[in-house]
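Please read the structure below before turning to the comments.
The values are calculated or read from the model by the stated rules, or taken from the named source; none is laboratory data. Values in this document were obtained by computation on a predicted structure and should not be read as measured data. Methodologically, a virtual Cβ is constructed for each residue, glycine included, from the backbone with ideal geometry; neighbour enumeration extends over all protein chains shown. The protein model used for the area step is the full one, side chains on, heavy atoms only, and it has no ligands, DNA or RNA in it. Shrake-Rupley method; radii C 1.70, N 1.55, O 1.52, S 1.80 Å.
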Amino acid sequence: MAETVAIILAAGGSTRMNTQLAKVLHEVCGRPMLAYVLQACRKVGIKKIYVVVGFSGEQVKSRFDDDDIVWVQQAEQLGTAHAVMCCREHLKDFEGQTLILCGDGPLIRSQTLRTLIGKHEAGQSAATLATAVLDDPTGYGRIVRDAYGNIQGIVEHLDCTPEQLEIKETNPSNYLFNNKRLLEAIDNIKPDNVKKEYYLTDAISGLISTGHKVEAITAMQPDEAVGINSRAQLSAASKIMQRRIQARLMDDGVTIVDPGNTWIDARAQIGQDTVIEPFTYIHGEVKIGSGCRVGPFAYLRDGTVLEKDVVLGVYTEVKNSTLAEGVRARHHSFIGDTIVGRNVNIGAGSITANFDGEKVNRTSIGDNCYIGSGAVLIAPLELKEGSNVGAGTVVSQENAEELSKKA
Ligand code: UD1
Ligand code: CA
């Protein structure tokens, strides 16, 4: 690959989202949408990424501290071309190629970017863009082609003629430009459109009209072209991402009994031959080993680690805890901020009382402990190996010593 940098446009506010939070920080399967776009760039080997921020920019910056990001401020949001212009100082001497993506398009796949880069380099074009054919193109820029099928330009939805509104080939906003040509083209863009904005899409028609070569790849699947402008699109994109996450896990040897009724965070890791039963919700950085059985109706939260052969059943909630090999908690339990040793059995309805009203306290349960049904383990607490807690017992550090002697 020729030297390539990326620009991610993430400065726009979001009227349609109706939000106080920067749009690109809204989460898709547990990660801010911007994180996916960054990841796609890194996967194709891009080492420098300019992220243009404006609306709630400080909020965005505070969520990412990666060294390959250069933050660019766009004080006023005058349009997507204007956002690119804000990078001019950084790019003015750059001889390579510039990939431009939108922070509100988290579904872009790295394979598509590879195809885009391949086509661009083979064609030695001034610009190459990806296009996607959508059943419902409402809201997207339309790709206008001539009678020979050559691209002429992109027309925004609001600027379309009735005939152009019928076009189903849309612009998902993924472009690769020869950097020099890009800078020339954006200098000539005028805000003469319905929104009175500087449109990056006009760089495409601008290059074509000055005799430069522009090509497109049509290999983009509709499900990666979704741009998120509203809560409804956020939810639609999350569903698509969820299917991808589950498909990857199933390829890795995880059984997901009912994918439509299971939710798994993008950050979760799950080992081979683990079975995820229906209505399981996994949120945050959760690590599940091999051969486990989780659910139905289990809720695993951030910081949960299950080693191998752990069984968690109905209405079991685990948070910030490590459960060693062979632990069983089959019914109605809450395990929070706890280390649970090997082969511990946690009876129905037993919980760790980890919050004393002021702070969260930790519990440690030694190997081979038996916790009867309905026990309350009041943290901070350390239960020695082999302790035996009878049904209904309220255990605090004072009576914990007794329990281990009886065992
Ligand atoms: C844009 C494209 C449209 C395409 C669609 C795909 C333009 C003019 N239109 O429309 O052809 O089909 O994306 O989703 O480019 N942004 C800035 N600064 C600005 C304005 C926008 O950084 O001044 C950022 C936004 O934060 C967003 C991205 O650019 O991440 C796209 O802007 P948005 O307003 O969402 O454009 P669309 O109307 O969706
Ligand atoms: Ca958008």
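Please report the base-10 log of the normalised intensity I(q)/I(0) for region 76-153, using a Debye sum with one equal scatterer per alpha carbon and no solvent, at each q in 0.11 (1/Å).
These q points yield log10 I(q)/I(0) values of -0.40.
Charges at C-beta only: +1 for Lys and Arg, -1 for Asp and Glu. How large is the resulting dipole of region 4-225 about its Cα centre, in Debye rounded to 20? Walk me through the numbers before you get to the answer.
Details: 23 positive and 28 negative charges, 83 e Å.
Taking the Cα centre of region 4-225 as origin, the dipole is about 400 debye.
Computed on alpha carbon atoms, what radius of gyration and Dmax characterise region 129-229, expressed in Å?
13.1, 35
Taking just the alpha carbons, could you work out the radius of gyration and Dmax for region 4-225, both in angstroms?
Considering region 4-225 through its Cα atoms, Rg and Dmax are 16.3, 49 Å.
Could you calculate the contour length gain from residue 250 to residue 184, that is, 0.36 nm times the residue separation minus the distance between their Cα atoms, to one decimal place in nm? Mind dumping the intermediate values first?
On the way: separation 66, 0.36 × 66 = 23.76 nm, distance 4.73 nm.
Difference between extended and current length: 19.0 nm.
Can you tell which of 207, 84, 94 lies farthest toward the positive end of the dipole of region 4-225, using +1 and -1 charges on the Cβ of basic and acidic side chains (Lys, Arg; Asp, Glu)?
Of 207, 84, 94, it is 94.
What pairs from 23/119; 92/196; 23/195; 23/239; 287/308; 48/239 go past 22 Å between their alpha carbons?
Details: 23/119 31 Å; 92/196 26 Å; 23/195 20 Å; 23/239 18 Å; 287/308 10 Å; 48/239 30 Å.
Table pairs above 22 Å Cα-Cα are 23/119; 92/196; 48/239.
Residue by residue through region 154-169, which ³J(HN,Hα) values in whole Hz follow from phi under the Karplus form 6.51 cos²θ - 1.76 cosθ + 1.60 (θ = phi - 60°), with glycine and proline marked x?
10, 10, 5, 3, 5, 9, 6, 6, x, 5, 5, 4, 6, 5, 9, 7
Percent relative contact order of region 153-274, based on C-alpha pairs within less than 8 angstrom and at least six residues apart? Write down the numbers at each step before the final one.
Values: 77 pairs, mean separation 21.4, N = 122.
Across region 153-274, relative contact order equals 18 percent.
So how many Å³ per residue does the convex hull of the Cα atoms of the chain work out to? Working shown, then result.
Numbers: hull volume 61.4 nm³, N = 407.
Looking at the chain, the number lands at 151 Å³ per residue.
Magnitude of the Cβ-charge dipole of region 231-406, K/R +1 and D/E -1, about the Cα centre, nearest 20 debye?
Values: 19 positive and 21 negative charges, 102 e Å.
The dipole of region 231-406 has a size of about 480 debye.
Dipole of the chain (Lys/Arg Cβ +1, Asp/Glu Cβ -1, origin at the Cα centre): which of 20, 370, 282 lies farthest to the positive side?
Positive-most Cα among the choices belongs to 370.
Could you report region 231-406's accessible area per residue, 1.4 Å probe, as an integer in Å²?
About 46 Å² of surface per residue is accessible.
With +1 assigned to the C-beta of every Lys and Arg and -1 to the C-beta of every Asp and Glu, and no other charges, what is the dipole magnitude of the chain about the Cα centre in debye, to the nearest 20? Write out the running numbers ahead of the final one.
Numbers: 42 positive and 50 negative charges, 50 e Å.
About 240 debye.
Would you mind counting up the charge near residue 23? Only other residues with Cβ under 12 Å from its Cβ, with Lys and Arg at +1 and Asp and Glu at -1. Mind dumping the intermediate values first?
Values: positive: 16, 231; negative: 27, 104.
That works out to 0.
Going through region 313-364, which trypsin sites (Lys or Arg not before Pro) have at most 11 other Cβ atoms within 10 Å and a DSSP loop state?
Details: sites: 319, 328, 330, 342, 359, 362; in loops: 342, 359, 362.
Hits after loop and neighbour filter: 359.
For the chain, what relative contact order do you get, as a whole percent, if you take Cα pairs closer than 8 Å and at least 6 residues apart?
On the way: 1032 pairs, mean separation 40.1, N = 407.
With pairs under 8 Å counted, the relative contact order is 10 percent.
Per residue, how large is the accessible surface of region 4-225? Use a 1.4 angstrom probe and give square angstrom.
Details: 9740 Å² over 222 residues.
Per residue, region 4-225 has 44 Å² of solvent-accessible surface.
What do you reckon, how do 396, 373 stack up by accessible area (1.4 Å probe), largest on top?
On the way: 396 30, 373 60 Å².
These residues rank, largest area first, as 373, 396.
Based solely on its DSSP helices, what 222 nm [θ] is calculated for the chain when runs of n ≥ 4 H residues each add -39,500 (n - 2.57) and the sum is averaged over all residues, nearest 500 deg cm²/dmol?
On the way: 10 runs with 95 residues, N = 407.
That calculation yields -6500 deg cm²/dmol at 222 nm.
Mind putting together the pair-distance distribution for region 231-406? All Cα pairs, 10 Å bins, whole percent per bin, short to long.
Answer for region 231-406: a P(r) of 11, 39, 29, 15, 5, 1 percent.
Please identify the trypsin sites (Lys or Arg not before Pro) of region 120-204 that satisfy two criteria: DSSP loop assignment and at most 10 other Cβ atoms within 10 Å. Which are they?
Sparse-neighbourhood loop trypsin sites (Lys or Arg not before Pro): 196.
Filter the GluC sites (Glu not before Pro) in region 164-269 to those in DSSP coil with at most 15 other Cβ atoms within 10 Å of their Cβ, and list the result. Provide the component values of the computation, followed by the final result.
Numbers: sites: 166, 169, 184, 197, 215, 224; in loops: 166, 197.
Listed in order of number, the matching sites are 166.
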